[in-house]
Amino acid sequence: MSDTVANAEGLQPLSQIERVVDTFTAPSKTFTDILRDASWWLPWLLAVLVTLGFGVAIQQKVGWDKAYANILLHSPQAQQDRINQLPPDQQAKQKAVGAAFVKYIFWCTPVLSLLFAAIAAVVLMGTLNFGLGGNATFSRMFAVWMYGTLPFLIQGILGIITLFAGLDADSFNLKNPVGTNVGYFLPLDSPQWLVALASAFDVLTIWVLILLTIGCAIVGRTKRSTAAVAVWGWWFVITLVKVVAAAIF
């Protein structure tokens, strides 16, 4: 057990705002404070605000029909061909349904993020506790996830800025909205497996993985190298599944 974790009770308690700031400047302080208090409401509130702002930007500057059409352009050719082979009226209906689905899923993101965070917390807690000798609790791991994924909000903020700054609607891809990864810069005709692989090497994702490694080590009371096995191991598995699935389908 590290000295930081062992002396957690003696550290100055942090406010929620201090936790958010320290996540970017001194993450160990934030994750150590989670040992005292596993609350997570501020990161989620910030995510809601960024989602609302990004959604308004998409609605005003791109439109949901166009956003869905752009997603189709970045989809496998077989999927595009299936829609293009439909009669015009069925094509229009299919695209309308797709646009509505994308729109409502996007607006449900804040709620869905809680579900995803719960699943991630359970998976990481199980991996640490039962596979790597850790001692994490669900509430603390949930809080680690909420704070550790804060850098992803930068993607939404950059998306808002670029859209209101005049980004061409034809260039907007909701699945990969800003150039923080190599996949963003690949041409449309690139193999889907290559896009999946290149998109995995994302600056914000790597930042999040580092934060989660620090947080898991502290709340799980393990070495950082042990926590890295859990965090980066799952990232590798998920990336591999995406790449293989893209190559097959």
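The values are calculated or read from the model by the stated rules, or taken from the named source; none is laboratory data. Just so we're clear, the structure is a prediction, and the values are computed from it rather than from any experiment. Every residue, glycine as well, gets a Cβ built from its backbone with ideal geometry; the counts of neighbours run over all protein chains shown. Calculation scope for accessible area: heavy atoms of the full protein, side chains included, ligands and nucleic acids excluded. Shrake-Rupley method; radii C 1.70, N 1.55, O 1.52, S 1.80 Å.
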(request) Out of Val208, Val229, report the one residue that is touching a Ser or Thr at 6+ places or on another chain (Cβ under 9 Å), open to solvent by 80 Å² or more (accessible area, probe 1.4 Å), of a type in the set (Val, Ile, Thr) and part of a helix (DSSP H, G or I). (result) Val229
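Name the single residue, out of those in the stretch 156-171 being in contact with a Phe, Trp or Tyr (Cβ under 9 Å, 6 or more places away or on another chain) and touching a residue at least 40 places away in the same chain (Cβ under 8 Å), that is nearest to Pro110 (Cα to Cα). Don't jump to the end; show me each part of the working.
Here is the first cut: in the stretch 156-171, the residues in contact with a Phe, Trp or Tyr (Cβ under 9 Å, 6 or more places away or on another chain) are 156-157, 159-160, 162-163.
Filter again for touching a residue at least 40 places away in the same chain (Cβ under 8 Å), leaving 156-157, 159-160, 163.
Numbers: Gly156: 13, Ile157: 15, Gly159: 17, Ile160: 17, Leu163: 21 Å.
Restricting to residues being in contact with a Phe, Trp or Tyr (Cβ under 9 Å, 6 or more places away or on another chain) and touching a residue at least 40 places away in the same chain (Cβ under 8 Å), the top hit is Gly156.
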(request) Return yes when Leu114 is of a type outside the set (Gly, Ala, Ser), touching a residue at least 40 places away in the same chain (Cβ under 8 Å) and more than 17 Å from Leu174 (Cα to Cα) and no when it is not. (result) yes
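Just for the stretch 190-205: of the residues that are more than 30 Å from Gly134 (Cα to Cα) and not in a loop (DSSP other than H, G, I, E, B), which one is most open to solvent (accessible area, probe 1.4 Å)?
To start, the set of residues in the stretch 190-205 that are more than 30 Å from Gly134 (Cα to Cα) comprises 190-199.
Imposing the further condition that a residue be not in a loop (DSSP other than H, G, I, E, B) reduces the set to 192-199.
On the way: Gln192: 52, Trp193: 112, Leu194: 59, Val195: 39, Ala196: 26, Leu197: 61, Ala198: 13, Ser199: 39 Å².
Of everything passing the filter in the stretch 190-205, Trp193 is most open to solvent (accessible area, probe 1.4 Å).
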(message) If the requirement is being assigned to a helix (DSSP H, G or I) and surrounded by 19 or more Cβ atoms within 10 Å (Cβ to Cβ), which of these qualifies: Leu124, Leu115?
(response) Leu124
(request) Mind telling me which of the residues Phe130, Phe138 ends up being open to solvent by 60 Å² or more (accessible area, probe 1.4 Å) and closer than 21 Å to Thr30 by Cα? (result) Phe138
(request) Looking only at the stretch 141-159, count how many residues are farther than 22 Å from Ser39 by Cβ and either open to solvent by 40 Å² or more (accessible area, probe 1.4 Å) or modelled with pLDDT under 95 (or both). (result) 4
(message) Being aromatic (Phe, Trp, Tyr) and either more than 28 Å from Thr127 (Cβ to Cβ) or open to solvent by less than 20 Å² (accessible area, probe 1.4 Å) (or both) is true for just one of Phe249, Phe164. Which residue is that?
(response) Phe164
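Quick check on my filter: what residues within the stretch 172-189 are loosely packed, with under 11 Cβ neighbours inside 10 Å and either in contact with a helix residue (DSSP H, G or I) (Cβ under 7 Å, 6 or more places away or on another chain) or touching a residue at least 60 places away in the same chain (Cβ under 8 Å) (or both)? Give the derivation first.
Of the stretch 172-189, the ones loosely packed, with under 11 Cβ neighbours inside 10 Å are 185, 187-189.
Across the stretch 172-189, the qualifying residue is only Leu188.
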(message) I'd like to check which helices (runs of 4 or more DSSP H) are fully inside the stretch 1-110 and have at least 1 residues that are open to solvent by 80 Å² or more (accessible area, probe 1.4 Å) and in contact (Cβ under 8 Å) with a residue 12 or more places away in the chain.
(response) 16-25, 27-33, 41-61, 64-73, 88-107
(message) Filter the stretch 185-228 down to the residues that are of a type in the set (Gly, Ala, Ser) and farther than 30 Å from His74 by Cβ and list them by number.
(response) Gly215, Ala217, Gly220, Ser225, Ala227, Ala228
(message) Would you confirm, using the coordinates I've provided, whether Gly134 is under 24 Å from Ser39 (Cβ atoms) and either modelled with pLDDT under 95 or outside any helix (DSSP H, G or I) (or both)?
(response) yes
(request) Considering only the stretch 232-246, state which residues are without any contact (Cβ under 8 Å) to a residue 40 or more places away in the chain, under 15 Å from Ala198 (Cα atoms) and either outside any helix (DSSP H, G or I) or open to solvent by 70 Å² or more (accessible area, probe 1.4 Å) (or both). (result) Phe236, Ile238, Leu240, Val241
